Amino acid sequence: QVRVVQSGPEVKKPGASVKVSCQTSGYIFSHYGITWVRQAPGQGLEWMGWISGYNANTNLAQKFQGRVTMTTDTSTNTAYMELMNLRPDDTAMYFCAREGPTGPLVFDVWGQGTMITVSS
Amino acid sequence: DFQMTQSPSSLSASVGDRVIITCRASQSIDSHLHWYQQKPGKAPTLLIHMTSTLYSGVPSRFRGSGSGTEFTLTISGLQPEDFATYFCQGSHSTQSRFGQGTKLETK
């Protein structure tokens, strides 16, 4: 079955960068995209952007342009999200999810989440 | 840059009740509106996509409707496992946004 497994929690200092991985299995990676969504503690969901599993084209939310890089490694069916110049308000659970066959920008299988804590 | 506005932010109900959650887009998103359920400490799960299509395995007591800028999620005959937070998600062109969420609690 389709699985999406994310890397483990990280603690970073302000100004640092963090790179989260999202390893997929159970489907043809190049057929679907991957999206990234974050959720600050006790808050709602915030869409960060999307990357194509086919050609690595990206669409980022304006808020994250210039600070987020999304990449893929088709040899391991893994997507990555790097967030730079971290601030305390970047402390959140970061989710990746597959954009599946149900439609464009519909996220049918989610990773378990990766907690990123930014603190001096 | 479009926005999604969801209401109410919280809702108290009892098992067996019918509840309605509303989501409004700041511009037309046609039928590109989807609903997710999230339980504490877990990732969201897809309930309904493209306004009204139930995702595989989702019970028929969940129903989505609407078009353009106004959408609703109706849950009829609430079950204990339905008490959770619900998010709408709209997409326009290459951008996507979530509503603020509705926390459904036991009365």
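Quick note: the coordinates plus some simple rules give every number you see, no bench work behind them. Here the structure is a predicted model, which means the values were calculated and not measured. With ideal geometry, Cβ positions are generated from the backbone for all residues, glycine too; neighbour counts draw on all protein chains shown.
Assuming 1.567 mPa s and 4 °C, estimate D for the protein assembly as shown with Stokes-Einstein, Rh taken as the Kirkwood radius over Cα pairs, in µm²/s.
Numbers: Rh = 17.9 Å.
Taking Rh from Cα pairs, D becomes 72 µm²/s.
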### Message
Defining a contact as two alpha carbons under 8 Å apart and six or more residues distant in sequence, what relative contact order in percent does chain A show?
### Response
36 percent
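What average count of beta carbons from other chains do you get within 10 Å of the Cβ of residues in A:89-98?
That works out to 1 on average.
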### Task
Enumerate the lysines that A:Lys19 could reach by cross-link, defined here as Cα to Cα under 19 Å, with residues fewer than 8 away along the same chain left out.
A:Lys63
### Message
Below 8 Å between Cα atoms, with a sequence gap of 6+, how large is the relative contact order for chain B in percent?
### Response
38 percent
#### Entry: Label point distance in nm, A:Ser120-A:Asn55, each placed 7 Å from Cα along Cα→Cβ
4.5 nm
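Where does chain A land on the Kirkwood hydrodynamic radius, alpha-carbon pairs, in angstrom?
Working: mean 1/r = 0.0702 Å⁻¹.
This gives a value of 14.2 Å.
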### Task
Pick out which of A:Gln43, A:Gln23, A:Gln65 has the largest mean-square fluctuation in a Gaussian network model of chain A, springs linking Cα atoms closer than 10 Å.
A:Gln43
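What ratio of Cα Rg to 2.2 N^0.38 Å holds for the range B:62-107? Spell out each step's value before the answer.
Values: Rg = 12.6 Å, N = 46, 2.2 N^0.38 = 9.4 Å.
Cα Rg divided by the expected 2.2 N^0.38 Å: 1.34.
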### Task
Report the residue, chosen from B:Tyr86, B:Tyr55, B:Tyr36, that carries the largest GNM mean-square fluctuation when chain B is represented by alpha-carbon nodes joined by springs under 10 Å.
B:Tyr55
### Positive-end residue of A:Val2, A:Gly26, A:Leu83, charge dipole of the range A:1-85 with Cβ unit charges
A:Leu83
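To the nearest 20 debye, what is the magnitude of the charge dipole of chain B about its Cα centre, counting +1 on the Cβ of each Lys and Arg and -1 on the Cβ of each Asp and Glu?
Values: 9 positive and 7 negative charges, 36 e Å.
Charge dipole, chain B, about its Cα centre: 180 debye, nearest 20.
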### Task
Could you work out which residue, out of A:Thr69, A:Thr24, A:Thr102, moves most in a Gaussian network model of chain A, that is, has the largest mean-square fluctuation with Cα springs under 10 Å?
A:Thr102
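Averaged across the residues of B:42-51, what count of C-beta atoms belonging to other chains lies within 10 Å of each residue's C-beta?
On the way: counts 3, 14, 8, 4, 8, 0, 2, 7, 4, 0.
Per residue, the average neighbour count from other chains is 5.
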### Task
Find the relative contact order for the range A:1-68 and round it to a whole percent, using C-alpha pairs within less than 8 Å whose residues are 6+ positions apart.
23 percent
### Query
When you look at the Cβ of every residue in B:31-40, what mean number of other chain Cβ atoms sits within 10 Å?
2
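Give the average over all directions of the projected area of the C-alpha convex hull of the range B:23-107, one decimal, in nm².
Working: hull surface 23.1 nm².
Mean orientational projected area (the range B:23-107, Cα hull): 5.8 nm².
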